[in-house]
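The values are calculated or read from the model by the stated rules, or taken from the named source; none is laboratory data. None of these values were measured; they are calculated from a predicted model. So basically every Cβ, Gly included, is an ideal-geometry build from the backbone, and we count neighbours across all protein chains shown.
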Amino acid sequence: MARLIAGLLILATALLSAAIPLRAETSPPRIRLQSCVVRAVGEGNIESIAALMQVRFMNESAQTLKRIVWRSQTPTGTIDIADTGTFSPGVSIYRHPIYKGKAWKVSRNAFQMMGPGLCTVIQTEGADGAIWKATGIAPAAIDIPPSPPDSATPVPPAFDNPEHNPIGIISCRFSLYWGRSHGTVRFRNLSPRPIDSITFRGLFGEAGIDVVKQGMFSTGAFVNSGDMIRRDLPANAYQEYESLDSPTSCVAVSAHYVDGSVWQNPSVSPTEPPFPVGVP
């Protein structure tokens, strides 16, 4: 009987220990933020990526962290994005955490912001289970603005003027990651003739990346190009780059009509400019 009672006491002690919350840290860990980029993305479905963050930082505390919750100030309010990993002391770290959720459903990029002041650490968890939380902060509050209308400049009467661009770009976004480029363009065919192929050029300073979008683009039709990918760039070309979501982030280089005629943009070179290698 004595052994049974002793065993029950040991079991009760173990269960009680498991129920006790992890100890809390009274002071925040020292994290030096080097850069921060926050942007809203998505294509309008519930499962789409809603917001993402790119942060470079150094854990200057003495402890290894396994979870960091970042808070960012955005044009639409505050958003909290959690990141889980192994964040060792004294190491420069680059992370790309993502937030998904119905509340952040958007039909196009809503914004992009950058600067170390955008992101703040509001909670951490150490590898030993110690948790620190910032005090006196309100819950994250976001307010998604309505998507802009899919409109473009009407076709001018002098369409045959070679200076006129038949492609009305509504929005454009390009990104680079270690030799692979992604681009998305939303546009309309402003010409009175159907188009079956368009060459877009994503702009990166003096450089540029050409991608071809093929299809059947009727007069006035709104088109979302989807993700256009180039995989043939040098592996270390601009290792990471994010363009702003703007109509000026790309240009239409040329358009091929179904009748066989071609429009060539007179303001840009038909040849893709050389792409520099290395970090800008």
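Residues of region 260-274 that are farther than 17 Å from GLY202 by Cα and assigned to a strand (DSSP E or B): VAL262, TRP263. Out of region 155-175, which residues are out of contact with any strand residue (DSSP E or B) (no Cβ under 9 Å at 6 or more places or on another chain) and at pLDDT 50 or above? Within region 155-175, GLU163 is the sole residue that qualifies.
Condition check ((1) more than 16 Å from ILE98 (Cα to Cα); (2) at pLDDT 65 or above; (3) in contact with a Lys or Arg (Cβ under 8 Å, 6 or more places away or on another chain)) across all residues:
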position: GLU47; (1), (2), (3): no, no, yes
position: PHE57; (1), (2), (3): yes, yes, yes
position: ARG67; (1), (2), (3): no, yes, no
position: TRP70; (1), (2), (3): no, yes, no
position: PRO75; (1), (2), (3): yes, yes, no
position: ILE79; (1), (2), (3): no, yes, yes
position: ALA82; (1), (2), (3): no, yes, yes
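If the condition is being under 14 Å from ARG56 (Cα atoms) and without any contact (Cβ under 8 Å) to a residue 40 or more places away in the chain, then region 68-84 contributes only ASP83. Among the residues of region 88-122, just one is under 13 Å from SER72 (Cα atoms), modelled with pLDDT of 85 or more and of a type in the set (S, T, N, Q), namely THR120.
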